[in-house]
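Take a look at the structure below.
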Amino acid sequence: MAAVALLIAASLSAQPPQLILGKDSGADLEVEAPSGAKVAFSTSVGTITGAQRQGSVVRARFNAPPLRVPSVALVLAQIDDGNDRELRWLSIPLTGSDTMVIETRPGSKVEAVAGGRVLGQGSALDDGTVRLPMLVPPGVRTAVLKITDKLGNTTEKPLDLAPPPFSRVRLAARSEMAPIEVEIFVVKPDGTPDDEAKVALAADDGETSVRKRIGPGVYLAEHEPPPGRAGTAHLEAKANGQLATLEVPLHAAPAGARRARGSGPWSVSAGLLGGLGGSFVGATAGSVLAEVAMRIESYPVEALLDLGWTSQSEVSQYTGVPALTEKAKAHAWLTQIGARGSYEVMRRLAVHGSAAFGLQNQIVRITLPLNLGRFEDSGLSARLAIAAGVNYAVGPGRALAQVQLDWTSKRVAQLESSTSGLQGMVGYLVAIR
Amino acid sequence: MRLLEGSRLELKQVTKQGLRARVRGSIESQVDQIGRLDVEMENSDATAHSAGGHFFVTADGRGVVAVASVTGVVNVSGGGKSVALNEGEVTRVTRAEPTPSKPVAALRRVLLSVQWPDQKETNKATFPIEGRVEPGSRVFVQGEQVAVEAGGTFRAEVPLKKGKQKIAVVTVDALGRRKQVEGVVLRDDSLPDVKVKKRLWQWRR
């Protein structure tokens, strides 16, 4: 939950979240960025001024455009921290305002309604003129004029609001080294992020692909220029019939620079996880796992291979006759394979669930009662591990936190019970390809 | 006898000396000194008898009867009681009061008060009016007789044709005197048209 809170705080926000043109002058923008990181704001309409850092928060002012036609401002905060670049997107719906003039029967009341929402209303003067102040949110193209004369006669006429078109697609480069990662931000006509857009990326040459949606209305695409290509890459993003272009200067990758995370059709990550918890018979248990995970990028599931060690504190067994109670302490070397499914709930943060099964070589040291001595036994046991948790992309990989349920067989290697139990685990997996 | 508009007379007995008749509506009667006239009223047991004189009988067919004498004496009986009506006097009989009321002098003027709605323009097919006349009077709206309550009140839903029109309300009182009131009403149920004179965002061009 702390990671979620951190992520929410780190997102780009505007207050107020939407504006009425002609009434609201602008909105206050806020984004969290690491100290030392450079933050650059830009917008598709309007202007952004007065960016100021206050600790880890950067604030700026979005100034509404002078034209009062309905539109949506696609705002980008580009955060450059060394070689890392983060893009944070925000849409600000801008409600248009204007006065239309109509002529009808004197004394009539006139209302313009769209989708049950009154956009404007007024009354006809003695000469039949009605001045109708209208507020038209983005995405509203038509309305119905309801005219009720003073005798109660009512008529309805369709009204084409004819809002001018505005851009609903923007793109920006996440890197300027090949392969170029591009984020494409798409909103619906009303300004809400479009999670079901049909997005395509095109370039003059080289290869392009749209890989996945990585946030509300944000799609990750990639452009691989031809080898040796220098100069500028001209990119075109198409979404829902709209076009946006971007020119990206191509830079050679510095020696040792990290290749973009997860590029290519598949990726591999590896790392360590440690756990602490308890067995179901009351022993304290801990474990260490070395994990290799492989993922085919188009699927939200990765295959796992774990090698590890688990141990639990001493437990009493055969306690029916206290004088004959044994003490048993177990540890085990284990290997298991499994699968982990992830679902990205917001940028960088995903929830996951996993299941793995394998074998463990369980080594049990028994302390006999009545000072009869100690001995050790070992045996193979099947094991099953089920886990659920969250992972957060940070640095060259991702941090994981999960709760894991282990199940193993009873009565293996003189251990009357089993090492089954529940552990909380944390770890980190580095993207190595 | 003179039968007034919208009235019906049924002769029951005719002799050389006199006449017996039943009436609904209004009649004006002139009886010679040598004659005799008995007038019964529809839906009432009241009877007016004159042996010479000029008088009016009005019966609305719903038990409200008014008898007024212009000249001579008229004897009005009903409910076991009889009153003598002298020149210029009026008596009434109703269902609630089946005996003739104490004769009173007729009003000098014909009473007709019509309450028109504030709004004389409407998009409805009918127009409500209400008013008051002297009890025993008859009321006609656009030529159609409307019911008058015992207290003299009346109300009507006047059918309207499209456009501007005159509504005439006429009353005939117990003495046969008429009074007419007119009002002008407009029925307009056409739908208002609309014309956009300035569209949105025009200043852009």
Hey, does region A:75-84 have a residue that's surrounded by 15 or more Cβ atoms within 10 Å (Cβ to Cβ), more than 30 Å from residue A:396 (Cβ to Cβ) and in contact (Cβ under 8 Å) with a residue 60 or more places away in the chain?
-> no
Selected residue [under 21 Å from residue A:23 (Cα atoms), of a type in the set (S, T, N, Q) and at pLDDT 95 or above] from A:91, A:108 = A:91
Pick from A:90, A:119, A:145: which is more than 11 Å from every other protein chain (Cβ to nearest Cβ) and out of contact with any Pro (no Cβ under 7 Å at 6 or more places or on another chain)?
-> A:90
Which ones in region B:166-195 are buried (at least 16 other Cβ atoms within 10 Å of the Cβ), without any contact (Cβ under 8 Å) to a residue 60 or more places away in the chain and not in a loop (DSSP other than H, G, I, E, B)?
-> B:167, B:169, B:170
Only one of B:133, B:104, B:110, B:93 is in contact (Cβ under 8 Å) with a residue 60 or more places away in the chain, touching a strand residue (DSSP E or B) at 6+ places or on another chain (Cβ under 7 Å) and of a type in the set (A, V, I, L, M, F, W, C), namely B:110
Would you point out the residue of region A:49-72, among those that are touching a residue at least 40 places away in the same chain (Cβ under 8 Å) and of a type in the set (A, V, I, L, M, F, W, C), that is surrounded by the fewest Cβ atoms within 10 Å (Cβ to Cβ)?
-> A:67
For residue A:361, state whether it is assigned to a strand (DSSP E or B) and not hydrophobic (A, V, I, L, M, F, W, C).
-> yes
Every residue from region A:130-141 that is in contact with a strand residue (DSSP E or B) (Cβ under 6 Å, 6 or more places away or on another chain) and either more than 8 Å from chain B (Cβ to nearest Cβ) or not aliphatic (A, V, I, L, M) (or both) = A:130, A:131, A:132, A:133, A:135, A:137, A:138, A:140
What number of residues in region B:147-165 are touching a Lys or Arg at 6+ places or on another chain (Cβ under 9 Å), surrounded by fewer than 19 Cβ atoms within 10 Å (Cβ to Cβ) and part of a strand (DSSP E or B)?
-> 4
Can you tell me which residue among B:179, B:195, B:161, B:166 is farther than 30 Å from residue B:106 by Cβ, away from chain A (no Cβ under 14 Å) and basic (Lys, Arg)?
-> B:161
Residues (polar (S, T, N, Q) and in contact with a strand residue (DSSP E or B) (Cβ under 8 Å, 6 or more places away or on another chain)) located in region A:40-96 | A:42, A:43, A:44, A:47, A:49, A:52, A:56, A:63, A:71, A:78, A:91, A:95
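Conditions (1) under 25 Å from the mean Cα position of the chain (by Cα); (2) surrounded by fewer than 18 Cβ atoms within 10 Å (Cβ to Cβ); (3) among the aromatic types (Phe, Trp, Tyr); (4) part of a strand (DSSP E or B), marked per residue:
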| position | (1), (2), (3), (4) |
| --- | --- |
| A:319 | no, yes, no, no |
| A:327 | no, yes, no, yes |
| A:338 | yes, no, no, yes |
| A:344 | yes, yes, no, yes |
| A:366 | no, no, no, yes |
| A:372 | no, yes, no, no |
Give me a count of the residues in region B:1-30 that are in contact (Cβ under 8 Å) with a residue 60 or more places away in the chain and not in a loop (DSSP other than H, G, I, E, B).
-> 3
Does residue A:156 satisfy the condition of being at the interface with another protein chain (Cβ under 10 Å from one of its Cβ atoms), within 30 Å of residue B:162 (Cβ to Cβ), in a strand (DSSP E or B) and acidic (Asp, Glu)?
-> yes
Can you work out which of the residues in region B:78-98 that are surrounded by fewer than 15 Cβ atoms within 10 Å (Cβ to Cβ) and among the basic types (Lys, Arg) is farthest from residue B:44 (Cα to Cα)?
-> B:81
Would it be correct to say that residue B:44 is modelled with pLDDT under 90, touching a strand residue (DSSP E or B) at 6+ places or on another chain (Cβ under 7 Å) and closer than 22 Å to residue B:177 by Cα?
-> no
Among (1) more than 14 Å from chain B (Cβ to nearest Cβ); (2) surrounded by fewer than 19 Cβ atoms within 10 Å (Cβ to Cβ); (3) not in a loop (DSSP other than H, G, I, E, B) - the single one residue A:167 does not satisfy | (3)
Being farther than 29 Å from residue A:348 by Cβ, at the interface with chain B (Cβ under 10 Å from one of its Cβ atoms) and surrounded by fewer than 19 Cβ atoms within 10 Å (Cβ to Cβ) narrows A:104, A:99 down to just A:99
Selection from region A:107-116 of residues that are more than 11 Å from every other protein chain (Cβ to nearest Cβ) and more than 28 Å from residue A:194 (Cα to Cα) | A:111
Test for residue A:378: is it farther than 29 Å from residue A:393 by Cβ and in contact with a His (Cβ under 7 Å, 6 or more places away or on another chain) = no
Do you know which residues across region A:320-352 are out of contact with any Gly (no Cβ under 7 Å at 6 or more places or on another chain) and among the polar types (S, T, N, Q)?
-> A:325, A:342
Looking at this structure, is residue A:161 under 18 Å from residue A:18 (Cα atoms), touching a Gly at 6+ places or on another chain (Cβ under 9 Å), within 14 Å of chain B (Cβ to nearest Cβ) and of a type outside the set (D, E, K, R)?
-> no
Filtered residues of region B:30-71 (kept if surrounded by 24 or more Cβ atoms within 10 Å (Cβ to Cβ) and of a type in the set (Ser, Thr, Tyr)) = B:50, B:58, B:69
Any chance region B:153-169 includes a residue that's modelled with pLDDT of 90 or more, acidic (Asp, Glu) and within 30 Å of residue A:144 (Cα to Cα)?
-> no
Note: among A:356, A:387, A:399, just one is surrounded by fewer than 17 Cβ atoms within 10 Å (Cβ to Cβ) and either outside any strand (DSSP E or B) or in the same structural domain as residue A:326 (by TED's automatic domain parsing) (or both), namely A:399
Do we find that residue B:134 is within 14 Å of another protein chain (Cβ to nearest Cβ) and among the acidic types (Asp, Glu) in this structure?
-> no
Facing chain B (nearest Cβ under 7 Å) and either in a loop (DSSP other than H, G, I, E, B) or farther than 14 Å from residue A:245 by Cα (or both) - does that describe any residue in region A:174-182?
-> no
Is one or more of the residues making up region A:203-222 surrounded by fewer than 13 Cβ atoms within 10 Å (Cβ to Cβ) and at pLDDT 90 or above?
-> no
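The values are calculated or read from the model by the stated rules, or taken from the named source; none is laboratory data. Just so you know, these numbers come straight off a predicted model, no measurement behind them. So basically every Cβ, Gly included, is an ideal-geometry build from the backbone, and we count neighbours across all protein chains shown.
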